[in-house]
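Read the structure below first, then the notes.
The values are calculated or read from the model by the stated rules, or taken from the named source; none is laboratory data. As the structure is a prediction and not an experimental result, all values here were calculated from the model. Cβ sites come from the backbone with ideal geometry, for glycine too, and all protein chains shown count toward neighbours.
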Amino acid sequence: MYFSIGAMFKSLEPPKKARLDAATFIDIESLPLNEISFFTWQKKPLFVLKKDSSLTLDTKRDILIGDYYYTLMVGTCTHLGCVPKYEALSKTFICPCHNGQFDYNGNPLKGPITKPLVIPPFKIQRQTIIVGEVGEAYLELMEKTKA
C-alpha cells in the first residue's frame, strides 16, 4: 500500500475557507490617525491603533507599515479576561472589574495586571492587516518581545 505522509497531514488542516472565516481583515487606509479602532476577531474584541510619531512608540509592540505605526491588541484583560473600556481623554484602557489600567500601547499601568494586552497573530498584505494568520512581521515582533 502506497500513501503520502504529506497528503495525510495536509488532510488534517482546516479548509482554506475555515481559515479565512477565522481571520479579520483590516484596511489600514481607512483607520483614523492616533485613535483606537474597534474590531472583532474570533468573537473577541480587537483594538487597533494607527499612530504617527506624535504618540509614544513602543518598539516591542508597534508595527511600521509605510509612514505609520500600528498597535494590535486583543481586547481582553490579561488578569481576569474582562473587556477594558477605552478612555480617550486619558488615553488608557480601564478594566471595569478591578480598575486595572493599560496605556494605549496595551502595557499595564496600574492595578493587579502584570502582563500587556495580547498581540494577536497577524500578517501584512499590501494595505491590509490580516489578523489570525501568522506572518513575518508577527514573528519579528514576537522575537522583540522576548528580548
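Is there a residue in the range 83-98 that is farther than 28 Å from ALA22 by Cβ and touching a Gly at 6+ places or on another chain (Cβ under 9 Å)?
Checking the range 83-98: at least one residue is farther than 28 Å from ALA22 by Cβ and touching a Gly at 6+ places or on another chain (Cβ under 9 Å).
Taking the residues in the range 7-33 that are aliphatic (A, V, I, L, M), more than 16 Å from MET73 (Cβ to Cβ) and assigned to a loop (DSSP other than H, G, I, E, B) as candidates, determine which candidate is modelled with the lowest pLDDT.
My answer is LEU12.
Would you mention how many residues in the range 34-85 are outside any strand (DSSP E or B), small (Gly, Ala, Ser) and in contact with a helix residue (DSSP H, G or I) (Cβ under 9 Å, 6 or more places away or on another chain)?
The total comes to 1.
Is there a residue in the range 54-70 that is more than 20 Å from TYR138 (Cβ to Cβ), touching a Ser or Thr at 6+ places or on another chain (Cβ under 9 Å) and either modelled with pLDDT of 95 or more or charged (D, E, K, R) (or both)?
No, the range 54-70 contains no residue that is more than 20 Å from TYR138 (Cβ to Cβ), touching a Ser or Thr at 6+ places or on another chain (Cβ under 9 Å) and either modelled with pLDDT of 95 or more or charged (D, E, K, R) (or both).
Quickly run through the range 98-138 and pick out the residues that are surrounded by 18 or more Cβ atoms within 10 Å (Cβ to Cβ), at pLDDT below 95 and not aliphatic (A, V, I, L, M).
Passing the criteria: only GLY100.
Kindly provide the set of residues from the range 108-133 that are over 18 Å from GLU35 (Cβ atoms), under 15 Å from the mean Cα position of the chain (by Cα) and not in a strand (DSSP E or B), ordered by number.
LYS115, PRO116, VAL118, ILE119, PRO120, PRO121, GLY132, GLU133
State yes or no: is LEU89 outside any strand (DSSP E or B), surrounded by fewer than 18 Cβ atoms within 10 Å (Cβ to Cβ), of a type in the set (A, V, I, L, M, F, W, C) and touching a Cys at 6+ places or on another chain (Cβ under 7 Å)?
So LEU89 fails the test.
Do any residues in the range 134-147 that are in a loop (DSSP other than H, G, I, E, B) have Cβ atoms under 6 Å from those of residues that are among the basic types (Lys, Arg), where the two are at least six apart or on different chains, and which pairs are they?
Listed pairs, sorted by first residue: GLY135/LYS123.
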